[in-house]
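K.L.:
Before anything else, here's the structure in question.
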Amino acid sequence: MSKTVSIRLEDEVILDLDKLSKITERSKAWLMGKAVEQYIENESWQIKSIEKTLHKVKSGQAKFANHDAVSQWLNSWGTDNELQPPQCK
């Protein structure tokens, strides 16, 4: 079951939405609904991934690389003395 909601959009976004609606022959409501669905799907995936990682950290299953070692490795890219990637422990 769908429900009607209202949102505030900047004028430029509304103009772009109007153009997209005309080009795709889809209603603005349909386009906004799809945009919100995709945003929520993406954010939910990211939150689940973070929660999974935090669970691994709390349970002692996670491995980490030292920040300074990673920085040194990245800074060595493209130089004559490029370092090997640091080991996770």
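Every number here is computed from the coordinates shown, using simple stated rules; none is lab data. Worth saying up front: this structure is predicted, and the values here are computed from it rather than measured. Methodologically, a virtual Cβ is constructed for each residue, glycine included, from the backbone with ideal geometry; neighbour enumeration extends over all protein chains shown.
K.L.:
Between residues in the stretch 26-52 that are surrounded by 11 or more Cβ atoms within 10 Å (Cβ to Cβ) and residues that are of a type in the set (S, T, Y), which pairs lie under 8 Å by C-beta distance while being six or more apart or on different chains?
P.N.:
Short answer, once both residue conditions are applied: K28/S21; L31/S21; L31/T24; G33/S2.
K.L.:
Could you list all residues from the stretch 31-50 that are among the hydrophobic types (A, V, I, L, M, F, W, C) and more than 20 Å from E10 (Cβ to Cβ)?
P.N.:
Correct list: I40, W45, I47, I50.
K.L.:
I've got another one for you. Within the stretch 41-71, how many residues are over 22 Å from P85 (Cα atoms) and outside any helix (DSSP H, G or I)?
P.N.:
Number of matching residues: 1.
K.L.:
Go through (1) part of a helix (DSSP H, G or I); (2) touching a Lys or Arg at 6+ places or on another chain (Cβ under 7 Å) and name the single condition K89 misses.
P.N.:
So the condition that K89 fails would be (1).
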